[in-house]
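One structure is given below, encoded as structure tokens.
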Amino acid sequence: MIDEHSKIAVIGLGYVGLPLAVALAEHYAVIGYDINSERIEQLKQCLDKTQEISSERLQQASQLTFTADAQAIKVATCYIITVPTPVDTNNTPDLSPLIQASELVGAMLNPGDTVIYESTVYPGATEGVCAKILAARSGLVLNQSFYLGYSPERINPGDKTNTLSSIVKVVSGSTPEVAQNINKLYQKIIQAGTHLAPSIKVAEAAKAIENTQRDINIAFMNELAMMFHEMEIDVLEVIEAAGTKWNFLKFTPGLVGGHCIGVDPYYLIHKSQEKGYFPQLITTARRINESMSSYVSERILKLMALKQKHIVAAKVLIMGLSFKENCPDLRNTRVLEIVEQLQAYHAQIDVYDPWVDPKEAQELNQPLVQTPVEKHYDLVVLAVAHDEFLASNPRNFLQDDGVLFDLKGLLPEEWVDERL
């Protein structure tokens, strides 16, 4: 069981794993492991490209070491796995990173060790897939010679208010005693407290529906945006009016990207279909949100035509590439789809995003401009609500007869030609 003398290995040092490793290192000896050796070298130099953890905090984490050598984590007695769980091109859950991490840890397990998963999965995956791999690779027996836990991550990339310690943590274990032990571990680092779920499956399902609920709410707003546009009514003004009622959920329309909201519903859909129920609302919400980039592109093309501006060879500035504001995260960004759709009409597109690492953008075949040219563009699209963009006037980049489309609906109405 986990106690104050335990050595903890955190497997995967991205947006989830790194903040967790740093927080745990205030109480335990922690080894942070990642297969990306470049990432490890940066962390050893106290540099976090995700911008979730400051250099000062990394320097202060004296009990935390980083490694890309799998053999270095053998000394751990508790393993916490925080690898990504994406979907493939058919939107089917891709458990390969989770399986590989489980095989790695399983080969190192010793009697009495505990393995905790934080990766988002469908209900039943932790016990039905991961635990079986751990047992097969180690030769140990679950709940007799090794133990299992599940505590889903709730990290919100770029959010400096709702951080790891300030969000209630759902905790579960393979036995009631194990669950209590894991709960004590997380209570050391979670100021907001913990919620002890009655089973691992309940904790898995809770995580899946958190993001699915947001996906459905955003899909509703996106459908309203489409409806009210045809009625020549500003959807944001409608939401503002409706929001004066105390129980109205004030979501706004837009693109749904990132590693959670646009992915997790597919895990729930997959497991439900496997059991014979085909969820209609969740599936429809996903279809609406998946179509938003095409819808936005069509709106832009129509606006250009009405303004008698040719999209072919037009000079276009896309402001923002990350999936959300004030964050460098490019995972599943839908802005890229808009860029590609406009490029299909041979528009000359510059993409500007001061938050994004140019190297990572280049890996997506989308080079960035360092500074947009003033009075140069036929079309400017505000795609991401970075603070830097809102503090300036994007019209400064437009030619005198240029067109400004505000995808985020945050600029003054008199500045824009159209907003979503």
* Structure fact -> How many residues of region 280-294 are farther than 18 Å from G258 by Cβ and part of a loop (DSSP other than H, G, I, E, B)? The answer is 0
* Asked: On the given criteria, is E337 acidic (D, E), touching a residue at least 60 places away in the same chain (Cβ under 8 Å) and in contact with a helix residue (DSSP H, G or I) (Cβ under 8 Å, 6 or more places away or on another chain)?
  -> no
* To do: Could you check, for region 249-267, whether at least one of its residues is at pLDDT 95 or above, over 21 Å from K324 (Cα atoms) and not aromatic (F, W, Y)?
  => no
* To do: For I216, indicate whether it is farther than 30 Å from A131 by Cα, assigned to a helix (DSSP H, G or I), hydrophobic (A, V, I, L, M, F, W, C) and open to solvent by 20 Å² or more (accessible area, probe 1.4 Å).
  => yes
* Asked: Taking I233, is it open to solvent by 60 Å² or more (accessible area, probe 1.4 Å), out of contact with any Cys (no Cβ under 9 Å at 6 or more places or on another chain) and part of a loop (DSSP other than H, G, I, E, B)?
  -> yes
* If you scan region 3-25, which residues turn out to be modelled with pLDDT under 95, more than 19 Å from the chain's Cα centre (by Cα) and open to solvent by 20 Å² or more (accessible area, probe 1.4 Å)? -> D3, E4, H5
* So A241 fits all but one of (1) surrounded by fewer than 22 Cβ atoms within 10 Å (Cβ to Cβ); (2) in contact (Cβ under 8 Å) with a residue 60 or more places away in the chain; (3) not aromatic (F, W, Y); what number is the exception? -> (2)
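Condition check ((1) free of Cβ contacts under 8 Å to residues at least 40 places away in the same chain; (2) closer than 30 Å to P328 by Cβ; (3) in a loop (DSSP other than H, G, I, E, B); (4) open to solvent by 50 Å² or more (accessible area, probe 1.4 Å)) across all residues:
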position: E204; (1), (2), (3), (4): no, yes, no, no
position: F228; (1), (2), (3), (4): yes, no, no, no
position: V256; (1), (2), (3), (4): no, yes, yes, no
position: P265; (1), (2), (3), (4): no, yes, no, no
position: F278; (1), (2), (3), (4): yes, no, yes, yes
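Residue by residue, here is whether (1) outside any loop (DSSP other than H, G, I, E, B); (2) surrounded by fewer than 24 Cβ atoms within 10 Å (Cβ to Cβ); (3) in contact with a His (Cβ under 9 Å, 6 or more places away or on another chain); (4) without any contact (Cβ under 8 Å) to a residue 60 or more places away in the chain holds:
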{"position": "N90", "(1), (2), (3), (4)": "no, yes, no, yes"}
{"position": "N110", "(1), (2), (3), (4)": "no, yes, no, yes"}
{"position": "P123", "(1), (2), (3), (4)": "no, yes, no, no"}
{"position": "A135", "(1), (2), (3), (4)": "yes, yes, no, yes"}
{"position": "Q144", "(1), (2), (3), (4)": "no, yes, no, yes"}
* Select from region 163-193 the residues that are closer than 19 Å to A25 by Cβ and either among the hydroxyl-bearing types (S, T, Y) or open to solvent by 40 Å² or more (accessible area, probe 1.4 Å) (or both) and list them in ascending order. => T163, S165, S166, K184, Y186, Q187, K188, Q191
* Looking at region 58-86, which of its residues are buried (at least 18 other Cβ atoms within 10 Å of the Cβ) and in a helix (DSSP H, G or I)? -> L58, I73
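The values are calculated or read from the model by the stated rules, or taken from the named source; none is laboratory data. Small disclaimer: the values here were computed from a predicted structure and weren't measured. Counting neighbours? That spans all protein chains shown, and the Cβs are built from the backbone with ideal geometry, glycine included. The protein model used for the area step is the full one, side chains on, heavy atoms only, and it has no ligands, DNA or RNA in it. Shrake-Rupley method; radii C 1.70, N 1.55, O 1.52, S 1.80 Å.
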